[in-house]
Each structure stands twice: as C-alpha cells, then as structure tokens.
Amino acid sequence: MIPFGLRSPVTGEPLHHDTPHSLREGRKGPRWPVVDGIPFLRVDRDDLVREALGHLDKGAPGHALELLLADQDEWWTGPKPDPAALRDLVRDLKYVSLREAVERLAWGRVGDYFVHRWTDPTYLAGLALLEAHWNAPVCVFELACGIGHYLRDLQGRGVKVAGGDVVFAKLWVARHWVVGQRAQLVCFDAASPCWPIEGSPVDLVVCHDAFYFMKDKQGILDNLRRTAGDEGWLAVSHIHNRARAGFSAGHAVSSVEIEEFFPDGLVYDDAELTAALVAARAPAPADPSSLQEVEAFSVVCGPGMRPAPRALEDGLTLPPDGTILRLNPLYQPTPEGDYAIAWPSDRYAAEYGPRATYPLRSPGPETVEAGPATAERARRREFVALPERW
C-alpha cells in the first residue's frame, strides 16, 4: 500500500490515527471514521461521521459499516438499500459474488455499469488513452475510481495504486472484490475545501468517466495537476460533450471549454481511442475545434506524459500472457445452440451497444489463456479477465 499521509478535508491539517478505527486532527481536533482501512473524509456529513464513530468506539464496526454503505452521492436518484440486505451483505462478505454485492447495495443500472465495465467501449477508451502515452509510472492516483476497475489493471502491471471516491460503498466493494488490500483507498469529496491527499507522491493522476459530473471543474483540475506535481501527467477520459445528448447526469462541457481547461493537452475523440485499440494502432489526437459533435472527449496533459501516442499492441489494453480469460458474460446461449448478446437493460444496450467491440458470433470455449493466439479476441473483449469472485 502507498503510505499517503492524509489531511483534513476541511482545514488541510495533517491527520493521524488516534485509534485503529479513527483519524484525528491534532490532539483534540475533529475525528474521522476508518472502516476496513478506508478513511471516510466526506464533508457535510457531520451526523453520519458522529454516528459511525459512536458505533466504532463501542466496538460495533459492523453497524458503522452498514451506515457508511448506505451513503450516496448527490446525483443518486435510486432507492436506498434495504438495511436487512446490507446486514446480510456484511455478514456473508466472504461468500458473496460481486454481482450479488451490487444487487444487495441496490445500485440498479449503476450496478449493471460496474459489473460489465471491463468490456464496455468507454472503459477500453480509457485503457487506450493510458497505453498510448504510457511511460512506466511508479505510483498512480485515480479520482472517482468507483470499484477500482482501472486500479486493478494498473496494479496487475506492478504499479502502486491509490484511489478516491465520494461513495464509500464503491471503495468498499473495490477493497473486497477488485483490488484487495494493497491499494490505498480514501472516501472524500472532490470539491472539499482541502484535498486530503495533497502532497502525496504521485506521478500519474487519472480520472475516467467522471470529470463531467464535477461542478467546479477548474478548481478540481487544479488539484489534479497539483497531485501530479511538476513531473507527472494527467489522463482524463470520457468527458461528455454538451453538444451531444447523452445518457448520464452531470455537467457536460463543450469543445471550446476542453481547449480552455487543457491548453497543454492532447485531445481525442473517445470513440477514436476504442477503435484504435481494436485495430492495434496508435490513436490520432485532434484539434478540439474538429470534435464539436463527438460524444465524449479524452485528454492527456502534463510534463511527464509520453508526448506522441504509440501503437496499442500490448500493455494495459491486453491482459498479461497466461491470464485465464472468461467468455464475455454478455454472451448467452440461445435455444438454437448459438450465442446472442444479452444486454442487462435497454438503456445499457442503447448507451454501449452501438460501439461494442465484441462481434455477435459463436464465441467458442468458456475460458482461454491470454497469449498471442488469443490476443485479438481479448482485445475485442470477446474474452475478459474478470475478478475471481465476479
């Protein structure tokens, strides 16, 4: 795990462990709960912090965990999870699959997004962006890391990883189903008065499929740049274009704003990155003025990035040789003895289906081994490296 020092999200003062389950500012300053090694540093959650700490101080971490698992972000419009389902989830943790966990957390369509994220075209675009400009970073931080899809791929390449997200439950799922104990995870608001990870040793900062949600984009971008430091770089993918109707909430941006936010950046059409991955070629950046009608933008910037994109023939976009790959779970057998793509929902099909990289054909065995013979099918995500307890 990366030994990041943490700071108060309110004052910026250093935090230290006053107990194994809490962090404190100074000798008598405010306290913050820590559950399963994940600090909960959200601002404007005073009552929740107080109640969680009360349970932790009484030796009831399960009750504190159930409270934090029910917390959501401001964009959430779905139902609250059933307290009994959360209780069962905490109790049965070791025996529950990722899909069952997502169901008990009542994530709905967001759950569909997470469990199939490894094969969706926007995820592949983010991998392509990273690989095209890869320069062997030692330490990576991801803002809005969700359940840790990218952290898992980076960790599998020997990179030290850390992630932050505003939703504690996503980080908790990442810890137990996706990235394990080696990743440092922190729950905090990107719009906090102070970033709790300020000054941490990071040489690549990423933010995938989330930047468009953030209101104070310039302020958050300034924090991302500070986190990367004078020698690091940023990769920000799938930023929704305001000129195109989309499926997600948030604050989309225009091509003009992209140019203003990233004057030092290389800008891509998100779809171009996915296409380049499938073709095993270098993606082509474009002038933002030529991307006014694309669905989403992706950008790299900063002094530490590889300045020219390289061909996407190996690296992050393919699993390491010898990895056991599973048939893309969206392939389902038909009564006729063939296979068809079974979308999780009509919304999912409309959002990802038009750019899905896996062809509709008889896919063959249930598992294969990653290597030269299976590279093309792995690149298309006909076969995918899923977590063990997917």
(request) Among 90, 67, 14, flag the residue with its Cα farthest along the positive direction of the charge dipole of the stretch 1-160, charges on Cβ as +1 for Lys/Arg and -1 for Asp/Glu. (result) 14
(request) Quote to one decimal, in nm, the extra length available between residue 306 and residue 279 on full extension: 0.36 nm per residue of separation minus the C-alpha distance between them. (result) 7.7 nm
(request) Using the structure shown, list the pairs from 58/94; 94/170; 80/215 with a Cα-Cα distance above 22 Å, or answer none. (result) 58/94; 80/215
(message) Helix-only mean residue ellipticity at 222 nm, the chain, DSSP H runs n ≥ 4 weighted -39,500 (n - 2.57), per residue, nearest 500. What is it?
(response) -8000 deg cm²/dmol
(message) Need one number: nm distance between label points at residue 181 and residue 19, each 7 Å from Cα along Cα→Cβ, rounded to one decimal.
(response) 2.2
(message) Taking the Cα centre as origin and putting +1 on Lys and Arg beta-carbons and -1 on Asp and Glu beta-carbons, what dipole magnitude results for the stretch 181-338, to the nearest 20 debye?
(response) 280
(request) Calculate the dipole size of the stretch 317-390 relative to its Cα centre from +1 charges on Lys and Arg beta carbons and -1 charges on Asp and Glu beta carbons; express the result in debye to the nearest 20. (result) 220
(request) Can you pull the one-decimal nm distance between simple spin-label points at residue 355 and residue 136, each 7 Å off the Cα toward Cβ? (result) 3.2
(request) Would you please give the FRET efficiency between residue 369 and residue 88, computed as 1/(1 + (r/R0)^6) with r the Cβ-Cβ distance and R0 = 45 Å, to the nearest 0.05? (result) 0.80
(request) Report, to the nearest whole %, how much of the accessible area of the chain belongs to carbon and sulfur atoms, 1.4 Å probe, protein only. (result) 51
(request) Please name whichever of 372, 102, 353 sits farthest to the positive end of the charge dipole of the chain, dipole taken about the Cα centre and charges placed at Cβ: Lys and Arg +1, Asp and Glu -1. (result) 102
(request) Extending each Cα 7 Å along its Cβ direction at residue 222 and residue 77, get the distance between those two points in nm, one decimal. (result) 3.2
(message) I'd like the accessible area for residue 76: 1.4 Å probe, protein heavy atoms, all chains in place, Å² to the nearest 10.
(response) 70
(message) Taking the solvent-accessible surface of protein heavy atoms with a 1.4 Å probe, what is the per residue accessible area of the chain in Å²?
(response) 43
(message) With +1 on the Cβ of every Lys and Arg and -1 on the Cβ of every Asp and Glu, and nothing else charged, how large is the dipole of the chain about its Cα centre, in debye rounded to the nearest 20?
(response) 840
(message) For 133, 17, give me the order by solvent-accessible area with a 1.4 Å probe, most accessible first, ignoring ligands, DNA and RNA.
(response) 17, 133
(request) Please pull out the direction-averaged projected area of the stretch 58-141, using the convex hull of its alpha-carbon atoms, in nm² to one decimal place. (result) 8.4
(request) Using per-residue counts of other Cβ atoms within 10 Å, averaged over each peptide, order 329-342, 194-207, 161-174 from highest down. (result) 161-174, 194-207, 329-342
(request) Be a star and scan the stretch 195-237 for residues whose amide nitrogen sits under 14 Å from the point 7 Å along the Cα-to-Cβ vector of residue 46. (result) none
(request) Give the relative contact order (percent, whole number) for the chain; include only Cα pairs under 8 Å separated by 6+ residues. (result) 17
(request) Among DSSP beta bridges whose residues both lie in the chain, state the antiparallel percentage, nearest 5. (result) 60
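The values are calculated or read from the model by the stated rules, or taken from the named source; none is laboratory data. Since we're looking at a predicted model, the values are computed, not measured. Cβ coordinates were reconstructed from backbone atoms using ideal geometry, including for glycine residues, and neighbour counts include every protein chain displayed. All accessible areas refer to the heavy atoms of the entire protein, side chains included, with ligands and DNA or RNA removed. Shrake-Rupley method; radii C 1.70, N 1.55, O 1.52, S 1.80 Å.
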